């Protein structure tokens, strides 16, 4: 029995270490989103370049998480519930890595946009959307740390708000393009930026669903709440 307790204690310590890496990833992703949005608004190419270069640190952390999780499974042979936790951690790390990629893409397009004429109000709208998505991502991670199913469900519901913000921005950019063809290139870049931010919201929702799975053993069966999708094809 003492041996079993020792093994369980060692597993818990190892798992805490892996979760700390995930939280470090989350902090870097949140900072990257905020900095990329700020770089777009202030036309700060140096800041955008730092975001782009900083993505490597996020990728490295995901590799560390995966390596540690594989080691945990191989050495500790976790029971079913503990194995579910390890697999959830790996999936959350994968979602965060993708979010880091979207922040990097935002930064890369910000560098291009800094050379173009400004689309009035667009950068501020992008920054507000990025802020809302960052808060959603934070709530999803908080739900994971506290195993808070209610908060995870709330994140899942709030993703609809992000979809609505994206749709509003899409219509705004389309209006600018129709009013002046010279706006088309800049607005297309801004559209892709908004879409990337919307996808970060999708990954926050994926993390929330993983929390629900971790706590209950089942993924949500009902479809994700989604706002009406707006694309070039349905306007």
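Some observations on this one:
- Residue in the range 172-179 that is at pLDDT below 95, more than 20 Å from residue 42 (Cβ to Cβ), outside any helix (DSSP H, G or I) and more than 17 Å from the chain's Cα centre (by Cα) present: no
- If the condition is being in contact (Cβ under 8 Å) with a residue 40 or more places away in the chain and either surrounded by fewer than 17 Cβ atoms within 10 Å (Cβ to Cβ) or over 24 Å from the mean Cα position of the chain (by Cα) (or both), then the range 78-90 contributes 78, 82, 84.
- Within the range 208-226, residues that are without any contact (Cβ under 8 Å) to a residue 12 or more places away in the chain sit with their Cβ atoms under 6 Å from residues that are surrounded by 15 or more Cβ atoms within 10 Å (Cβ to Cβ), at 6+ positions apart or across chains, in these pairs: 219/209; 219/213.
- The one condition from (1) within 21 Å of the chain's Cα centre (by Cα); (2) within 30 Å of residue 82 (Cβ to Cβ); (3) outside any helix (DSSP H, G or I) that residue 218 does not meet is (1).
- Of all the numbered requirements in (1) part of a helix (DSSP H, G or I); (2) over 12 Å from the mean Cα position of the chain (by Cα); (3) surrounded by 15 or more Cβ atoms within 10 Å (Cβ to Cβ), residue 134 misses one, and that requirement is (2).
- Condition check for residue 128 on (1) more than 30 Å from residue 85 (Cα to Cα); (2) touching a helix residue (DSSP H, G or I) at 6+ places or on another chain (Cβ under 7 Å): one failure, at (2).
- Hits in the range 78-127 - residues which are closer than 19 Å to residue 53 by Cα and part of a loop (DSSP other than H, G, I, E, B): 114
- Scan the range 56-77 for residues that are surrounded by fewer than 20 Cβ atoms within 10 Å (Cβ to Cβ), touching a residue at least 12 places away in the same chain (Cβ under 8 Å) and either under 21 Å from the mean Cα position of the chain (by Cα) or not in a helix (DSSP H, G or I) (or both) and the total you get is 4.
- Condition check for residue 52: surrounded by 16 or more Cβ atoms within 10 Å (Cβ to Cβ), over 15 Å from the mean Cα position of the chain (by Cα), touching a residue at least 40 places away in the same chain (Cβ under 8 Å) and not in a loop (DSSP other than H, G, I, E, B): yes
The values are calculated or read from the model by the stated rules, or taken from the named source; none is laboratory data. This is a predicted model, so every value here is computed, not measured. Reconstructed Cβ throughout: ideal geometry from the backbone, glycine too, with neighbour counts over all protein chains shown.
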